[in-house]
Every structure is written in C-alpha cells, then in structure tokens.
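Asks: First the structure, then my questions, so here it is.
Laboratory data are not the source of any read-out in this text; all were calculated from the coordinates shown. Note that the structure is predicted; figures quoted are calculated from it, not measured. Using ideal geometry, Cβ is built from the backbone for each residue, glycine included, and neighbour counts are taken over all protein chains shown.
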Protein chains: 2
Amino acid sequence: MAETHEILKALNWRYATKQFDTSKKLSDGQVSFLKETLRLSASSFGFQPWKFLFITDSELRKRLRTKAFNQTQVEEASHLIVLCRQEKLTSADVDKLISATSSATGAPEDSLAGFKNVLSGFVSGLSQEKAEVWCEKQVYIALGSLLTAAARAGIDACPMEGFERPGFDEVLGLEKKGLRSVVLCTVGIRSEGDKYATRAKVRYPLADVVETI
Amino acid sequence: MAETHEILKALNWRYATKQFDTSKKLSDGQVSFLKETLRLSASSFGFQPWKFLFITDSELRKRLRTKAFNQTQVEEASHLIVLCRQEKLTSADVDKLISATSSATGAPEDSLAGFKNVLSGFVSGLSQEKAEVWCEKQVYIALGSLLTAAARAGIDACPMEGFERPGFDEVLGLEKKGLRSVVLCTVGIRSEGDKYATRAKVRYPLADVVETI
C-alpha cells in the first residue's frame, strides 16, 4: 500500500485516548523512538527552545494528576510527556546554537556571523511576553510531529492542554531548571474499553478548511 | 525495516528546503494527501480554528514573495501553503462544532450539552488576544503534523515564519474571510543544487532536550 495511504490510515486511527490499558507499557524501543522524534522536530531557526520531560515515577504522576483536573490518563498512560519551553530566550541561546551549528557542520564560527546577527536581532527584538508565545509555538510543532509519528507507529496518545501550568511547574521544580510547562501528551496503548476509540472522528469537510487559490 | 526506523530516517532526511526544483510539481495525489493530513490534524477540543490556503496562482505568488523578504521558495516551490487561523473564536464556532459532532457521531445535540458548556466557558473566558494565541498554537500542531507526514511520504517542505503577516492578509483578502495568516509552508521537491540538503542536521543531544523522571 502506498505510504501516503498508510499515513492517512494512521491519522484516522489515532484519537485523543481517554482510557489507556494500564497493563501495557510502551517498550524501550518505542519510548526511544518518541524521544528521538521530539529531538528531531523542526523549530524556527532551528532554535529548539524546549525540553521534553518523560515522567514515569508513579508518586509524581499521582501528584500531577491532581493538577490536571484528575484526568486519569496522567496517571494511567504508559508515559506522561510534559512538553516544556525555556523560560527565557537570551544571547546565551544564540551562542549555544551557533556553537552547535559550527560543530555539526564543520563551518568555522566566523563564517556564521551573518546567521548569528539574524538570531541576535530576532532574540533582542522579542519582549519577554512575545518570546514566551514564540517558544510555545515551537513546542506545538514538536507536539504535532509527535502525534503523527506516534500514530504511524501504532502508539496511542492524548495531547492535553487541560492542566494547571503553575502547579506542574511547582511539582516538577521547573523554575529552577529555567523551564515552563506548555502542554502534555500522554502516550501508551488504548484500553479495549475506551468508547472514544470507535467514535466517529469529527472533522470539518475539506471544502471548509482548505482552499486552493 | 521497522516503521519507527523509517520515520526517524524520514525526519533525518527532511530539512528546511531552501531551493526547490522548479521543473517538478507535486502530483495531484500528493497534494490531496497533504490537504487531508492538515484536515485530520488534532486540535484542542477538536476546534479546528483554521484554514489552509494552497496557493498555485503564479502572479499571486510573485506578489506574496515581495511580502516574504523575497525568499525564492514562496515562488518556486511546487505549492505554497498559507496556514491561517480564524480571526475570532465565538459562540457560533461552538455551535458549529456541536452540530458537526452530532452529525458525525449520531449523538443528539441535547446529549452534548455538557461538552457544549465546556466549550462555551472556554471561548467566553478568552480575551481576543488570548484567543489569537490559542488559535495560532493549534495551527502549529497542524504544521508539525504536516512536516512529519510530508517527510515520511518523501515530500520536501520549508516552514517559514519570515513574512509580513499584514501584507499576506491584505494580498489574500483574509480580513474579508475572517482569517489571519499564521505561518507558511512551501512544499515540493528539493533541487539537486540545494547545498543545505547535505548539510549536517543541527540538533542538541538527547541529554540536553529530554529528561526522564
């Protein structure tokens, strides 16, 4: 079958899993795959202003569930991923990216001066508030990539905005790490009893959401 | 080869394509695939507060290029996708989603009153500014999904934040449509001459961006 067909089949198969099978854990290989998918995600300028926390500690997940309107997935999914953004975007981040670019590509840092100027101008032109929004959007690219990659690999997921961000930040000690929680994604294997698994997907028709000009 | 391996290979294969092969167009099947991928994207509450414009008109693309720092991809890629958000989020959007949910699932609208209350509370609790940011984040989920699906299907892409949003909105008449441009994605086939295609990917090591707790 053509790969495009396989991907669309996977996107139709996926749904925001409400009930995970608590007896089934993702394999180490599956978890590594999800981590690498996140690591490879695109971001504007390649800035990667993020960190992805995979929470497995059951006591911690019990506490976090109380900060997420008691939603069962937070505790019962195989893994809870907390997608975080950096608290701030500074010239140190520019230096880090330039250094990494030089290392990866072999280009001397001097030859990257033009790119560095663009990055520096971008960062210094952002207010703290705009920087936060910008970083969060980048995190959402990673989320979108994760959902599609997971679906294609037969891994269930539930993206979740419904949680107390300050509560998560506090429980996870994110301030000290220079991070802030942005969005959650629980991953694992759906329960056979999850009635939402067989509910028809609700999407507007193509004519409503796509226009060719 | 395991599917997880294929996906990671695709994510390593993709890059922000700077130079497209102007002699190669995506097939109708490939374009339909990209449209359907966007249509099926996840969004919070399933709200789908977006529209995706596929721009093929060459005169229009020439004009849009002048609003995108003259970047060649805007004109030369097989297709230019302008990912847009709704200008506003209102009770009419809640009604539309409830109606679509009822149609798709067969659940009477009455039985969706609880869901409707949640949606209505969410929408009425958002300031215009917060609604805009929220809608844009949803669009970024679709972007992330698009990039990963395209890569896995061997389609090149370049996501682009570098353009004048008001300029695009004006040229495309988006105000009249109740839309605003958010981010671009040019898609097509990479040129053999694009030196960025073989440049090493710059990603921070796993230990920098992933933590297991």
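Asks: Rank A:Thr101, A:Thr72, A:Thr56 by mean-square fluctuation in a GNM of chain A with C-alpha springs under 10 angstrom and give only the top-ranked residue.
Replies: Among A:Thr101, A:Thr72, A:Thr56, the largest GNM mean-square fluctuation belongs to A:Thr101.
Asks: I would also like to ask the following. How big is D for the range B:63-125, in µm² s⁻¹ as a whole number, if Stokes-Einstein is applied with the Kirkwood radius of its Cα pairs at 4 °C and 1.567 mPa s?
Replies: Values: Rh = 14.8 Å.
The Stokes-Einstein estimate is 87 µm²/s.
Asks: Okay, next question. Can you list the aspartates and glutamates whose alpha carbon is less than 19 Å from that of B:Lys137, not counting same-chain residues fewer than 8 positions off?
Replies: Counting by Cα, and skipping residues close in sequence, B:Lys137 has these aspartates and glutamates nearby: A:Glu87, A:Glu129, A:Glu132, A:Glu136, A:Glu161, A:Glu164, B:Glu87, B:Asp93, B:Glu129, B:Glu161, B:Glu164, B:Asp169.
Asks: Once Rh for the range A:103-213 is found with the Kirkwood sum over Cα pairs, what is the Stokes-Einstein diffusion coefficient at 25 °C and 0.890 mPa s, in µm²/s? It would help to have the intermediate numbers written out before the result.
Replies: Values: Rh = 18.5 Å.
Estimated via Stokes-Einstein, D reaches 133 µm²/s.
Asks: Can I ask one more? Below 22 Å, Cα to Cα, which lysines can A:Lys24 reach? Residues fewer than 8 away in the same chain don't count.
Replies: Those lysines meeting the cut-off are A:Lys35, A:Lys62, A:Lys195.
Asks: Give me the percent relative contact order of chain A, please, defined on Cα pairs under 8 angstrom at least 6 residues apart. All intermediate terms of the calculation are to be shown ahead of the outcome.
Replies: On the way: 294 pairs, mean separation 75.9, N = 213.
After rounding, I find 36 percent.
Asks: May I pose another question? Once you've got the GNM for chain A with C-alpha springs shorter than 10 Å, pick whichever of A:Ala92, A:Ala150, A:Ala131 has the biggest mean-square fluctuation.
Replies: Sorting by GNM fluctuation, first place goes to A:Ala92.
Asks: Based on alpha-carbon atoms only, what is the radius of gyration of the range B:28-96 relative to the globular estimate 2.2 N^0.38 Å? Write out the running numbers ahead of the final one.
Replies: Details: Rg = 14.8 Å, N = 69, 2.2 N^0.38 = 11.0 Å.
That works out to 1.35 for the range B:28-96.
Asks: Excluding B:Leu60 itself, what net charge comes from residues whose Cβ is under 13 Å from its Cβ, given Lys and Arg +1 and Asp and Glu -1?
Replies: Values: positive: B:Arg61, B:Lys62, B:Arg63, B:Arg65, B:Lys67; negative: A:Glu211, B:Asp57, B:Glu59, B:Glu75, B:Glu170.
Taking every Cβ under 13 Å from that of B:Leu60, the sum is 0.
Asks: Right, next: Pick from A:Leu89, A:Leu179, A:Leu97: which is most flexible by mean-square fluctuation in a GNM of chain A where alpha carbon atoms under 10 Å apart are linked?
Replies: Checking each option, the largest mean-square fluctuation is seen for A:Leu97.
Asks: Which residue, B:His5, A:Ala207, A:Val74, has the largest displacement toward the positive end of the dipole of the protein assembly as shown when charges sit on each Cβ (Lys, Arg +1; Asp, Glu -1)?
Replies: Towards the positive end, the residue furthest out is B:His5.
Asks: Here's another thing I want to ask about it. Checking the cross-link filter: which lysines have an alpha carbon closer than 16 Å to that of A:Lys177, excluding same-chain neighbours under 8 positions apart?
Replies: The qualifying lysines are A:Lys51, A:Lys88.
Asks: If you average 1/r over every pair of different alpha-carbon atoms in the protein assembly as shown and take one over that average, what Kirkwood value in Å do you get? The partial results should precede the final answer.
Replies: Numbers: mean 1/r = 0.0452 Å⁻¹.
Result for the protein assembly as shown, one decimal place: 22.1 Å.
Asks: Using alpha carbons only, how many degrees (0 to 90, rounded to 10) separate the axis of helix B:91-105 from the longest principal axis of chain B?
Replies: Compared with the principal axis, the helix lies near 80 degrees.
Asks: Please report Rg (one decimal) and Dmax (integer) in Å for the Cα set of chain B.
Replies: Both quantities, over Cα of chain B: 19.3, 59 Å.
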